[in-house]
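Single-structure report; data block below.
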Amino acid sequence: MVAMHSDPRFDQLRRSLMRFVLPVSVGFLAWYLLYVLMSAYARDVMSTVLFGDVNVALVFGVLQFASTFGIAIMYARYADRKVDPLADDLRTELTGAAAGASAGRTGGRA
Amino acid sequence: MTTTASHALLAAEEVSSSSRTLTILVFIVMIAVTLGVTVWAGRQTKSAADFHSGGREFSGMQNGFAIGSDYMSAASFLGIAGMIALFGYDGFLYSIGFLVAWLVALLLVAELLRNSGRFTMADVLSYRMQQRPVRTAAAVSTITVSIFYLLAQMVGAGAVVALLLGIQPGETYLGMDADTAKIVGIVVVGILMTLYVTFGGMKGTTWVQIIKAGMLMGGTIVLAALVMAIYGFDFGELMSDASNASGAGQSFLEPGLRFGVEVPGDALQTMWNKLDLISLGLALVLGTAGLPHILIRFYTVPDSKAARKSVNWGIGLIGSFYLMTLILGFGAAALVGKEAITAQDAAGNTAAPQLAREVGEHFGGEFFGSVMLAVIAAVAFAAILSTVAGLVIASSSSLAHDFYNSVVRKGRASEHEEIKVARLSAFGIGAASIVLAIFAQSLNVAFLVGLAFAIAASANLPTLLLSLFWKRFNTRGAVAGIYGGLISAVGLVVFSPVFSGTEKALLPGIDIAWFPLTNPGLVSIPLGLLCAIVGTLSSGESNPRRFAELQVRALTGAGAEGAAKH
């Protein structure tokens, strides 16, 4: 296990995960914070009516839902294609091909 | 307007006898079914993995439903619908924080935790640290968060049960007046949650949660569809009707009626109110991924891919539920009206059941009104039961696994022993929370859920992330981070206006308030993180080998606990 940590393939696994997770986390937190800050300090903008009774605040709120759903779907697809195959390879190598996921019974106790 | 309210109350009394019988009947059926499931699950609970993690055999979809169930408590079903009904847009704003928070859990926590831990949050925190101090700290924080959350739910449960049975002050039903009914409600909920956990373990609890999530989604979809049908499926029509009926006009559709309120002529209070909104927003978005009863759900699936899938199911369910809550809240504002809602419950917690009756009567007369009320009341009751059961199992697992086995018995307890202690703990926590909730029932404890999120965000999330990603992180850092976040969050609330100094405070008689915000997150989250960093740097301890091992396990899933084989 410890030796694997300095294996270039592990490095690649970690980088491929972080390449998605880090920027997207910073992005959605900033996007959400912008929403909260505008709800507190930019009420003029938020109350601008776009059409009918629909104002910026409602559209911004619904967009938060849309971005959350969108990121969840994008991450599932990304992980499935770019992260899981690398992780599966390394796990198989570490635990032996036959044992697979159920090899954990003997795994180190926390 | 007063006549409308008294008319509504009168109508409530007229329908209440038939709808009460129906409500009680539905309650009894639901209790029987869930207890049956518990007995069945209890027979299959043999190993510690069965008790703490339901044998790790649930599918991603099943666990997604259970996650939704843990999260969509009565507080969010009744509370957010009521908040939208009374304050319009700000109720929606509240639900957005709750939803976006799931991305933190999805991207940074769920899979890594599933791969590297066994039963509790502390398994990951203590992986490369000295077991006893870290596990003790984690158990203290787990139990504090869970008990606060539990108390808020149970006190709410008492009030809600009394209201769902439609018992007005000064009136009795089955020999109970409203106050007795509240206590009976607390005791019944307390006994049921203890039974679910003690006998059914995680398996029983999870199935109870899956059933509840199905009921909740079904009930909400039907109710939301009926509301939309009244408005010819024109959401704009519903919105304008709601804002007109609210008496607040356009501002009902804008932020500012409930959070970050602008006080004319008091610039200082306006500033605190706005900072309070930001503080709440931070605690909500960062708290979810540190809630122990949510974290242990990731252990109930076979592997990290299923954990990911379950979070995505959870996001889908919770998100669509909150969007429908917007329809329910606006619907209640338009069709039931503020007067009638606050006449029943000042906080608006009965807006959704009242809406159900109103909509039912619109389509099928008095009888259908009673049926809809009974169904939504049962859904709310189920929502209370499943959330509290999740909280009890989180705290009893931590007591048994982290504190008893690792700290008291130094890891030498047998599985049989650990399960026995977990069952005893569930029993003890259940009994203690019944007593605490009865004493707290007259207090305004609504702030406790916000506090639980703030503690989770200040004490649990920073230490969890640092232990997964920071090589240098060590025992002193983890212990300082947990206690620092916990103490600063709880401490600041004690000196805040929700605890003393105002009429609505927990202890209105005294005034020790000097901290101006009602939610401590804005200060306590950075403070918790700072304590963890300073604690780490002040100690020379470092274990790069165990860190390497933890990261390899977390990322590849090698050595992860697999599903039980029966």
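Tabulated data for the structure shown
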read-out	value
Number of the condition not met by residue A:10 [criteria: (1) surrounded by 13 or more Cβ atoms within 10 Å (Cβ to Cβ); (2) hydrophobic (A, V, I, L, M, F, W, C); (3) more than 9 Å from chain B (Cβ to nearest Cβ)]	(3)
When residues of the stretch B:439-486 are limited to those that are among the hydroxyl-bearing types (Ser, Thr, Tyr) and buried (at least 21 other Cβ atoms within 10 Å of the Cβ), the one farthest from residue B:347 (Cα to Cα)	B:475
Filter result for the condition that a residue is free of Cβ contacts under 8 Å to residues at least 12 places away in the same chain, of a type outside the set (D, E, K, R) and more than 9 Å from chain A (Cβ to nearest Cβ), over B:337, B:265, B:331, B:287	B:265
Qualifying position, being touching a residue at least 60 places away in the same chain (Cβ under 8 Å), farther than 30 Å from residue B:563 by Cβ and within 14 Å of chain A (Cβ to nearest Cβ), among B:249, B:256	B:256
Residue check for residue B:484: at pLDDT 95 or above and within 12 Å of chain A (Cβ to nearest Cβ)	no
Test for residue B:461: is it within 18 Å of the chain's Cα centre (by Cα) and within 18 Å of residue B:152 (Cα to Cα)	no
Spans of helices (runs of 4 or more DSSP H) in the stretch B:1-71 with at least 3 residues surrounded by fewer than 23 Cβ atoms within 10 Å (Cβ to Cβ) and modelled with pLDDT under 90	B:2-43
Among the residues listed as B:135, B:128, B:114, the single one being assigned to a loop (DSSP other than H, G, I, E, B), in contact (Cβ under 8 Å) with a residue 12 or more places away in the chain and within 14 Å of chain A (Cβ to nearest Cβ)	B:128
Test for residue B:85: is it buried (at least 22 other Cβ atoms within 10 Å of the Cβ), small (Gly, Ala, Ser) and either over 20 Å from the mean Cα position of the chain (by Cα) or at pLDDT 90 or above (or both)	yes
Subset tally (residues that are farther than 27 Å from residue B:273 by Cβ and within 7 Å of another protein chain (Cβ to nearest Cβ)) for the stretch A:25-63	2
Test: residue in the stretch A:34-43 that is within 17 Å of the chain's Cα centre (by Cα) and either more than 30 Å from residue B:250 (Cβ to Cβ) or touching a residue at least 24 places away in the same chain (Cβ under 8 Å) (or both)	no
The listed residue being assigned to a helix (DSSP H, G or I), away from every other protein chain (no Cβ under 14 Å), touching a helix residue (DSSP H, G or I) at 6+ places or on another chain (Cβ under 9 Å) and not β-branched (Val, Ile, Thr), out of B:457, B:489	B:489
Residue match in the stretch B:314-328 (condition: among the polar types (S, T, N, Q), part of a helix (DSSP H, G or I) and crowded, with 24+ Cβ neighbours inside 10 Å)	yes
Residue match in the stretch B:245-255 (condition: farther than 30 Å from residue B:486 by Cα and among the aromatic types (Phe, Trp, Tyr))	yes
Checklist (1) touching a Leu at 6+ places or on another chain (Cβ under 8 Å); (2) surrounded by fewer than 24 Cβ atoms within 10 Å (Cβ to Cβ) applied to residue B:432, failing item	(1)
Filter pass, residue B:363 being away from chain A (no Cβ under 14 Å), surrounded by 24 or more Cβ atoms within 10 Å (Cβ to Cβ), aromatic (Phe, Trp, Tyr) and in a helix (DSSP H, G or I)	no
Residue list for the stretch A:64-81, restricted to those being more than 7 Å from chain B (Cβ to nearest Cβ) and surrounded by 14 or more Cβ atoms within 10 Å (Cβ to Cβ)	A:67, A:78
Members of the stretch B:492-524 found to be buried (at least 17 other Cβ atoms within 10 Å of the Cβ) and in a helix (DSSP H, G or I), listed by number	B:492, B:493, B:521, B:522, B:523, B:524
Test: residue in the stretch B:165-187 that is in a strand (DSSP E or B) and touching a residue at least 24 places away in the same chain (Cβ under 8 Å)	yes
Failed condition for residue B:346, given (1) in contact with a helix residue (DSSP H, G or I) (Cβ under 7 Å, 6 or more places away or on another chain); (2) of a type outside the set (D, E, K, R); (3) part of a loop (DSSP other than H, G, I, E, B)	(1)
Qualifying position, being under 22 Å from residue B:98 (Cβ atoms), in a helix (DSSP H, G or I), out of contact with any Gly (no Cβ under 7 Å at 6 or more places or on another chain) and not basic (Lys, Arg), among B:298, B:259, B:252	B:298
Filter result (within 9 Å of another protein chain (Cβ to nearest Cβ) and either of a type in the set (D, E, K, R) or closer than 30 Å to residue B:492 by Cα (or both)) within the stretch B:526-565	B:545, B:546, B:549, B:553, B:561, B:565
Residue B:427, sole failed condition from (1) more than 30 Å from residue B:155 (Cβ to Cβ); (2) among the aromatic types (Phe, Trp, Tyr); (3) surrounded by fewer than 20 Cβ atoms within 10 Å (Cβ to Cβ)	(1)
Every pair of residues 6+ apart whose Cβ atoms lie under 6 Å, when the first sits in the stretch B:395-407 and is within 9 Å of residue B:139 (Cα to Cα) while the second is crowded, with 24+ Cβ neighbours inside 10 Å and among the charged types (D, E, K, R)	B:402/B:135
Residue A:15 being surrounded by fewer than 16 Cβ atoms within 10 Å (Cβ to Cβ), at pLDDT 95 or above and out of contact with any Ser or Thr (no Cβ under 7 Å at 6 or more places or on another chain)	yes
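The values are calculated or read from the model by the stated rules, or taken from the named source; none is laboratory data. Because the structure is a prediction, the values reported are computed rather than measured. Please note: Cβ atoms are built from the backbone with ideal geometry, for glycine as well, and neighbour counts cover all protein chains shown.
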